[in-house]
Amino acid sequence: MRCPLVVIYALLFCFCFSRGDDYILDDKSGLGRTFDGIGGLSGGGATSRLLVNYAEPYRSQILDYLFKPNFGASLHILKVEIGGDAQTTDGTEPSHMHYENDENYFRGYEWWLMKEAKKRNLNITLIGLPWAFPGWVGNGNNWPYDFPDITANYVVSWIVGAKQYHDLDIHYIGIWNERNFDNKYIKLLRYTLDKAGLDKVKIIASDNLWEPITFSVLHDQELSNAVDVLGAHYPGTTTVMDALKTGKTLWSSEDYSTFNDDIGGGCWARILNQNYVNGRMTATISWNLVASYYESLPFGRDGLMTAQEPWSGNYVVESPIWITAHTTQFTQPGWSYLQTVGHLKSGGSYVALTDRRGNLTVVIETMTHDHSACIRPPLAPFTVTPQNATFHLKGSFVSISQLQLWKSRFDFKTKKPMFFQKLDPVKVSDGSFTLRLDVDEVYTLSTITTAQKGTHPDPPPSAPFPKLYEDDFNVRNASFTEAPHFADQTGVFEYFKNLTDPGPHVYTLRQVVTQRPVTWVTDADQTISVIGDYLWQNMTVTCDVLIETTKTGGVFIAARVDKGGGNVRNTKGIFFWLFADGTYKITRDIKGETVLAKGKSGASSDTWHTLSLTVKGDSATGMLNGSPLWEVGVVSVPKNGWAAIGTASFQLAQFDNFAVAADQ
């Protein structure tokens, strides 16, 4: 006797889905911690560098997907690096004070980005954190705490400048990213903030591990009074008992740092829920905000979305954008978590939040282990299976009759995922509703009805960096100090108006850092800015150069540059050096140790010279002022890389009429 199909389907359902489990959503016994928001981190290594070079309307479209309420990620928080003139992961960001007597609050792009975020979300929370400091802050030492009053005044000046020049209110300030903290400095920073009338600016400490800051806060009342938020990086969704004992607000103040494919989206979905379920963290901030730097730099595409081709206009709205929307479009900072949150019995987790005015939002994730692994920390084994879950609404939620339903599914078998899809509302019957939950899914159920999956017209198709590129630095965007597409890796290269030169070099690009900064990673001893396509092999690089430092000065142009970021000190390529003492040399590395050729050039400082470097196959040639100067027959490694300009040390030098022509 054959079974009817309906019976077979019913049996399959019973086999695939566990018997229903019950969960209570109740506020009558009190609420949990206050929700502070979900955010992204711009900087921490020049991670938004290429974003500013996008033409409109594509740049504004990208910003909409990040910040516009009820559109995309709709972020509540923007955290930015306070530029310190040093390499901080994928590049350097300029300081507002290169020197002690120098102040400029229009350098870099973080001011612009904060204003664009605020333009879209007037209530966005703004945070600043230093990764590095200009050398004068450390008085020549690689340590910012020897003179804590200087460091405190330097940081406070950035906050004051944000308000004075850009009408930006900074809400939180950090200490020193992922480095040692100093109790005396934190207390002095609080005093300096208060003295400047910035008593509403709160301090986060220490943007590293839970310990030892929690121990210090527990045993030093003055320090405890100064610190408002304990912020940990990559906490693995857990906290420590001492952190809970402090009674402080707990944040995952940097998290994610994972390739933004669908596994990265799964990582983000899991930690957004479980940071609170496991660790009672009320804010989670993604490093990074948007992958807008050359992908071959360290941690390529570790952003909520990808925008790394300003020359083409192409960008990609990745899955983490829509996973973020599952929380941000249905909550706001100031909402409260319910005490009744936790893990699902067959794997996954759920959180519930309320605005205390009758609104309720529930976010559920069922991410499996292999589809939600973050780069760090390692993820312990766990199992998730299909399940039925019945939620019972109690307390002030008992009268809710239906909930809006939005769903994302990471379908790793059929490769047909769906993200942030609105489904029919869920009917609440007798205060309860049941969901059939499969693995690798995210659900939001909410009384909030304003959520939308925003769309813009498709951007242009992806395209490689132009094989022919030139810049005379005469045409510039007044909002930014950097030339398009140049990615500084050590030092800072800024637009410069040469008032003493009435000739052809009035507008140039100038390397301006003259003292080794207080570094975050080991910067090179030479300054360097890369540009172009990492896959380039054969190319001609040409640039006018001016050595401003007599006797000891030197500059270079380079091809096939193979490293950047924290590895910049070990960069290899073909480097054509010109020195103020009238010599030149050709090397395979930025340190200048592997010399392929050297000799007399007759060049000098304070005079413009034109350098040209051609690399083809295993040979390279160089020209000075239009005349052949050298030829090398064996330059076998590296095989490919960027073009670059730079200086032999931290010194002033100018560059003009840059051009590159690549064969492949």
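Within the range 320-338, is even one residue in the same structural domain as ALA46 (by TED's automatic domain parsing), more than 25 Å from THR238 (Cβ to Cβ), buried (at least 24 other Cβ atoms within 10 Å of the Cβ) and of a type outside the set (Gly, Ala, Ser)?
Taking the range 320-338 and keeping what is in the same structural domain as ALA46 (by TED's automatic domain parsing), we get none.
Within the range 320-338, not a single residue is in the same structural domain as ALA46 (by TED's automatic domain parsing), more than 25 Å from THR238 (Cβ to Cβ), buried (at least 24 other Cβ atoms within 10 Å of the Cβ) and of a type outside the set (Gly, Ala, Ser).
Kindly indicate the residue of the range 546-565 that is within 26 Å of the chain's Cα centre (by Cα) and not in a strand (DSSP E or B) and also farthest from GLN87 (Cα to Cα) among those meeting that condition.
Checking each candidate, the answer is ASP562.
I'm trying to understand the selection: among the residues of the range 585-602, which are over 12 Å from GLN526 (Cβ atoms) and either crowded, with 23+ Cβ neighbours inside 10 Å or among the acidic types (Asp, Glu) (or both)?
Step one: filter the range 585-602 for residues over 12 Å from GLN526 (Cβ atoms), giving 585-586, 588, 594-602.
Across the range 585-602, the qualifying residue is only ILE586.
Among (1) surrounded by 14 or more Cβ atoms within 10 Å (Cβ to Cβ); (2) touching a strand residue (DSSP E or B) at 6+ places or on another chain (Cβ under 9 Å), where does ARG436 come up short?
Status for ARG436: all satisfied but (1).
Please find, within the range 44-98, the residue that is farthest from HIS233 (Cα to Cα) out of those that are of a type in the set (Lys, Arg) and part of a loop (DSSP other than H, G, I, E, B).
So in the range 44-98, the residues of a type in the set (Lys, Arg) come out as 49, 59, 68, 79.
Filter once more, keeping what is part of a loop (DSSP other than H, G, I, E, B): 49, 68.
On the way: ARG49: 23, LYS68: 26 Å.
So, considering only residues that are of a type in the set (Lys, Arg) and part of a loop (DSSP other than H, G, I, E, B), the one farthest from HIS233 (Cα to Cα) is LYS68.
So TYR165 fits all but one of (1) outside any loop (DSSP other than H, G, I, E, B); (2) more than 19 Å from PRO94 (Cα to Cα); what number is the exception?
(2)
Checking the condition assigned by TED's automatic domain parsing to the domain that holds TRP630 and assigned to a helix (DSSP H, G or I), which residue from VAL541, VAL568 passes? Talk me through it step by step, then tell me what you get.
Values: VAL541 fails: assigned to a helix (DSSP H, G or I).
Every option except VAL568 fails the conditions.
Kindly evaluate THR246 against the criterion of being in contact with a helix residue (DSSP H, G or I) (Cβ under 7 Å, 6 or more places away or on another chain), polar (S, T, N, Q) and in the same structural domain as ILE127 (by TED's automatic domain parsing).
Values: in contact with a helix residue (DSSP H, G or I) (Cβ under 7 Å, 6 or more places away or on another chain): yes; polar (S, T, N, Q): yes; in the same structural domain as ILE127 (by TED's automatic domain parsing): no.
The answer is no for THR246.
Return the only residue of THR390, THR327, THR331, THR361 being among the hydroxyl-bearing types (Ser, Thr, Tyr), in a loop (DSSP other than H, G, I, E, B), touching a residue at least 40 places away in the same chain (Cβ under 8 Å) and closer than 21 Å to ASP26 by Cα. Give the steps one after another, and end with the answer.
Values: THR390 fails: in a loop (DSSP other than H, G, I, E, B); THR327 fails: in a loop (DSSP other than H, G, I, E, B); THR361 fails: in a loop (DSSP other than H, G, I, E, B).
Exactly one of THR390, THR327, THR331, THR361 is among the hydroxyl-bearing types (Ser, Thr, Tyr), in a loop (DSSP other than H, G, I, E, B), touching a residue at least 40 places away in the same chain (Cβ under 8 Å) and closer than 21 Å to ASP26 by Cα, namely THR331.
Suppose the filter is part of a loop (DSSP other than H, G, I, E, B) and more than 30 Å from TYR109 (Cα to Cα); does GLY300 pass it?
Details: part of a loop (DSSP other than H, G, I, E, B): yes; more than 30 Å from TYR109 (Cα to Cα): no.
Criteria not met by GLY300.
When the residues of the range 521-538 are filtered to those that are β-branched (Val, Ile, Thr) and part of a loop (DSSP other than H, G, I, E, B), which remaining residue is nearest to GLY573 (Cα to Cα)?
Here is the first cut: in the range 521-538, the ones β-branched (Val, Ile, Thr) are 521-522, 527-528, 530-531.
Narrowing further to those that are part of a loop (DSSP other than H, G, I, E, B): 521-522.
Numbers: VAL521: 21, THR522: 19 Å.
Filtering first and then ranking leaves THR522.
What single numbered condition from (1) surrounded by fewer than 23 Cβ atoms within 10 Å (Cβ to Cβ); (2) over 19 Å from VAL492 (Cα atoms); (3) among the basic types (Lys, Arg) fails to hold for ARG560?
(1)
Could you tell me which of the residues THR481, THR500 is on the phi < 0 side of the Ramachandran plot, under 24 Å from the mean Cα position of the chain (by Cα) and of a type in the set (Ser, Thr, Tyr)?
THR481
Please identify the pairs in which a residue from the range 578-596 that is over 16 Å from LEU624 (Cβ atoms) has its Cβ atom under 6 Å from the Cβ atom of a residue that is loosely packed, with under 15 Cβ neighbours inside 10 Å and not polar (S, T, N, Q), counting only partners at least 6 apart or on another chain.
Pairs found: THR587/VAL595.
Residue by residue through the range 101-160, note down the ones that are of a type in the set (A, V, I, L, M), in a helix (DSSP H, G or I) and in contact with a helix residue (DSSP H, G or I) (Cβ under 6 Å, 6 or more places away or on another chain). Write out each step before concluding.
Here is the first cut: in the range 101-160, the residues of a type in the set (A, V, I, L, M) are 113-114, 117, 122, 124, 126-127, 129, 132, 137, 150, 152, 155-156, 159-160.
Subsequent filtering for residues that are in a helix (DSSP H, G or I) retains 113-114, 117, 150, 152, 155-156, 159-160.
ALA117, ALA152, VAL156, listed by residue number.
The values are calculated or read from the model by the stated rules, or taken from the named source; none is laboratory data. Bear in mind the structure is a predicted one, so any value in this text is a computation, not a measurement. So basically every Cβ, Gly included, is an ideal-geometry build from the backbone, and we count neighbours across all protein chains shown.
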